Amino acid sequence: MPAAPPDLNPPPQVPGSAPRDREELLTYFAAFTDFERQRALPTDRRSLGPRRCAHLIERAGGAPAGIVIQVAGSKGKGSTVLALEHLLRARGHTTIAAMSPHLERIEERLRIDGRESSPEELIGAVASLHPALRAIEAEAPELRPTFFDVMTASAVRAAASRGSDFLLLEVGLGGPLDSTSAVPPTAQILTVIDLEHRAQLGDTVEEIAAEKAGIAREGIPLIVEASADQEGRALEAARRVAEARGARLRLVAEDPRIPAGTLVPARRGLALATAALESIGVHPFTREELSAAAGELRLPGRLELLPGPPPLLLDGAHTIRSVRLFAERLAELRGDAPVTLLVGTMRDKEWRTALTPLVSDPGIHWIATSTEGARSTPAEELAAWLRSEGREVVPLPLDAAVQRLRAATGTVRAVTGSFHLAGAVRSGWSNEPSAPPR
């Protein structure tokens, strides 16, 4: 039986009855180990892997009959899944998408035909697993699933019950160790690789790329991002693994059918999504279709500009490459204006390295904060590091930090460092009064 994850007491038993409302659903989820909320992820590989999720799916009725696309990588996974969803919906296909983490509401993790699920739909998907979960509890406790296993299996059952054409799966951790690898894929995508989860995936970008490329399967298309942001060493490592496993490898940098002015997350997500769909026989997309998709695709929390005045640049960047893109977008928006930047990070991310593109900017006024959960870097720890880099910074609890950011109306306002922080800010920012019309 896998060792208990660090910093957690053994979780409670699966509740005796399936959830009937949203409050019961959240209580139900609390019965399962949630690696996203731990101070540190387990390093014992036996504590990870898709075995438990595969067992749950099999007990609950098996994998869906539709096409399955799995998306792994360090950054750009969610953008790519949303791009896949958008392109497929425009062609009239039905879709189920499993996303992680959620930005504001847990219902975001299960998307049905281009929208987040209702509480009732998510409750129904989880409730369909309840008999299997109770049986595992009684008969095979060593295969007790995690929260992420349950969410993945919920998407699988939703796709099966609805007869969806496509099931789109965003990998949570790594690739072959992830719950989503319990579902046989029709096509796979590998986005930009960066330093992350080194205790679980490897110490170098090459090792991490090789680990994530381990999703590759013989005869299955594997679309690998080969943009300028993909480090050559990572690309070569991924290529070696994919070729050794017999995957149908395709490297994708840009797609000339996508308008050049499209923001990076949407442009790259659409390019990868288009290549993956066309690799499995979907009729080629026209320039007009991709131009329309580029204009319509919405990516919450990914270089998102919320209305002001002044507007707020909101991003969940937490790797050096994603923060570099954030810094470039921020520079475009600010001109010579000063910036008030709210930052919060997760302690198991490479946040010191990630923030490097920003710390040398003297025009940034820093606010440090922390979000809920044991994985969050304490605001004082983040502030101490920024001071050691010569930056002035105000560490504040989240609510006070957001209020200070709201008050900084004479500057360009921005948020980065964590998808969890982006979600926490976004959920309340829409309540900010808009400027009177001119």
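The values are calculated or read from the model by the stated rules, or taken from the named source; none is laboratory data. Keep in mind that what you see is a predicted model, and the values were worked out from it rather than measured. Backbone-built Cβ (ideal geometry, glycine too); neighbour counts: all protein chains shown.
The listed residues are Thr340, Thr411, Thr353, and the only one of them that is within 30 Å of Arg109 (Cα to Cα), assigned by TED's automatic domain parsing to the domain that holds Ala317 and touching a residue at least 12 places away in the same chain (Cβ under 8 Å) turns out to be Thr353. Just a yes or no: is a residue in region 391-404 in a helix (DSSP H, G or I), free of Cβ contacts under 8 Å to residues at least 12 places away in the same chain and basic (Lys, Arg)? Scanning region 391-404, I find no residue that is in a helix (DSSP H, G or I), free of Cβ contacts under 8 Å to residues at least 12 places away in the same chain and basic (Lys, Arg), so the answer is no.
Scanning region 90-105 for residues that are at pLDDT 95 or above and either closer than 17 Å to Ala155 by Cα or surrounded by 21 or more Cβ atoms within 10 Å (Cβ to Cβ) (or both) yields His93, Thr94, Thr95, Ile96, Ala97, Ala98, Met99.
Contact map, region 242-254: residues that are touching a residue at least 12 places away in the same chain (Cβ under 8 Å) paired with residues that are part of a strand (DSSP E or B) and buried (at least 17 other Cβ atoms within 10 Å of the Cβ), Cβ distance under 6 Å, separation 6+ or inter-chain. Pairs shown: Ala242/Leu222; Ala242/Leu249; Ala247/Leu222; Arg248/Pro221; Leu249/Leu222; Arg250/Ile223; Leu251/Val224; Val252/Ile223. Only one of the numbered conditions (1) within 28 Å of Arg217 (Cα to Cα); (2) out of contact with any Gly (no Cβ under 8 Å at 6 or more places or on another chain); (3) part of a helix (DSSP H, G or I) is violated by Ile136, and that is (1). Of all residues in region 267-281, those satisfying the criterion of being free of Cβ contacts under 8 Å to residues at least 40 places away in the same chain and surrounded by fewer than 20 Cβ atoms within 10 Å (Cβ to Cβ) are Glu278, Gly281.
Looking only at region 172-191, decide whether some residue is touching a helix residue (DSSP H, G or I) at 6+ places or on another chain (Cβ under 8 Å), in a strand (DSSP E or B) and of a type in the set (Val, Ile, Thr). Among the residues of region 172-191, at least one is touching a helix residue (DSSP H, G or I) at 6+ places or on another chain (Cβ under 8 Å), in a strand (DSSP E or B) and of a type in the set (Val, Ile, Thr), which makes the answer yes.
Would you check if there is a residue in region 118-125 being β-branched (Val, Ile, Thr), over 11 Å from Ile96 (Cβ atoms) and either touching a strand residue (DSSP E or B) at 6+ places or on another chain (Cβ under 7 Å) or crowded, with 24+ Cβ neighbours inside 10 Å (or both)? No: region 118-125 contains no residue that is β-branched (Val, Ile, Thr), over 11 Å from Ile96 (Cβ atoms) and either touching a strand residue (DSSP E or B) at 6+ places or on another chain (Cβ under 7 Å) or crowded, with 24+ Cβ neighbours inside 10 Å (or both).
Residues that are buried (at least 19 other Cβ atoms within 10 Å of the Cβ) and part of a helix (DSSP H, G or I) within region 215-235 comprise Ile215, Ala234, Leu235, listed in sequence order.
Part of a loop (DSSP other than H, G, I, E, B) and over 20 Å from the mean Cα position of the chain (by Cα): which single residue out of Pro357, Pro362 fits that description?
Values: Pro357 fails: part of a loop (DSSP other than H, G, I, E, B).
Answer to the check: Pro362.
Looking only at region 316-333, residues that are at pLDDT 90 or above and either in contact with an Asp or Glu (Cβ under 7 Å, 6 or more places away or on another chain) or not assigned by TED's automatic domain parsing to the domain that holds Met346 (or both) come to 1 in all. Taking region 121-161 as the range and being in contact with a Ser or Thr (Cβ under 6 Å, 6 or more places away or on another chain) and not hydrophobic (A, V, I, L, M, F, W, C) as the test, the residues that pass are Thr146, Asp149, Thr152, Arg157.
Given the criteria in contact with a helix residue (DSSP H, G or I) (Cβ under 6 Å, 6 or more places away or on another chain), within 30 Å of Asp165 (Cα to Cα) and surrounded by fewer than 19 Cβ atoms within 10 Å (Cβ to Cβ), does Pro284 qualify? Give the derivation first.
Numbers: in contact with a helix residue (DSSP H, G or I) (Cβ under 6 Å, 6 or more places away or on another chain): yes; within 30 Å of Asp165 (Cα to Cα): yes; surrounded by fewer than 19 Cβ atoms within 10 Å (Cβ to Cβ): yes.
Yes: the conditions hold for Pro284.
Every condition in (1) surrounded by 19 or more Cβ atoms within 10 Å (Cβ to Cβ); (2) modelled with pLDDT of 85 or more holds for Gly174 except the one numbered (2).
Quick grid of which residues meet (1) at pLDDT below 95; (2) of a type in the set (Asp, Glu); (3) farther than 24 Å from Ile258 by Cα; (4) touching a strand residue (DSSP E or B) at 6+ places or on another chain (Cβ under 8 Å):
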{"site": "Ala65", "(1), (2), (3), (4)": "yes, no, yes, no"}
{"site": "Gly73", "(1), (2), (3), (4)": "yes, no, no, yes"}
{"site": "Glu85", "(1), (2), (3), (4)": "no, yes, no, yes"}
{"site": "Leu88", "(1), (2), (3), (4)": "no, no, no, yes"}
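Per the conditions (1) of a type in the set (S, T, N, Q); (2) surrounded by fewer than 23 Cβ atoms within 10 Å (Cβ to Cβ); (3) closer than 29 Å to Pro221 by Cβ, the sole criterion not satisfied by Ser154 is (2).
Return yes when Arg198 is of a type in the set (D, E, K, R) and at pLDDT 90 or above and no when it is not. So Arg198 does not fit the description; no.
The one condition from (1) within 30 Å of Ala337 (Cβ to Cβ); (2) touching a residue at least 40 places away in the same chain (Cβ under 8 Å) that Phe285 does not meet is (1). Being of a type in the set (Gly, Ala, Ser) and under 27 Å from Gln13 (Cβ atoms) is the filter here; which residues of region 84-140 pass it? Ala98, Ser100, Ser117, Gly124, Ala125, Ala127, Ser128, Ala132, Ala135, Ala138, Ala140 - these are the residues of region 84-140 that are of a type in the set (Gly, Ala, Ser) and under 27 Å from Gln13 (Cβ atoms). Counting the residues of region 57-112 that are among the β-branched types (Val, Ile, Thr) and assigned to a strand (DSSP E or B) gives 7.
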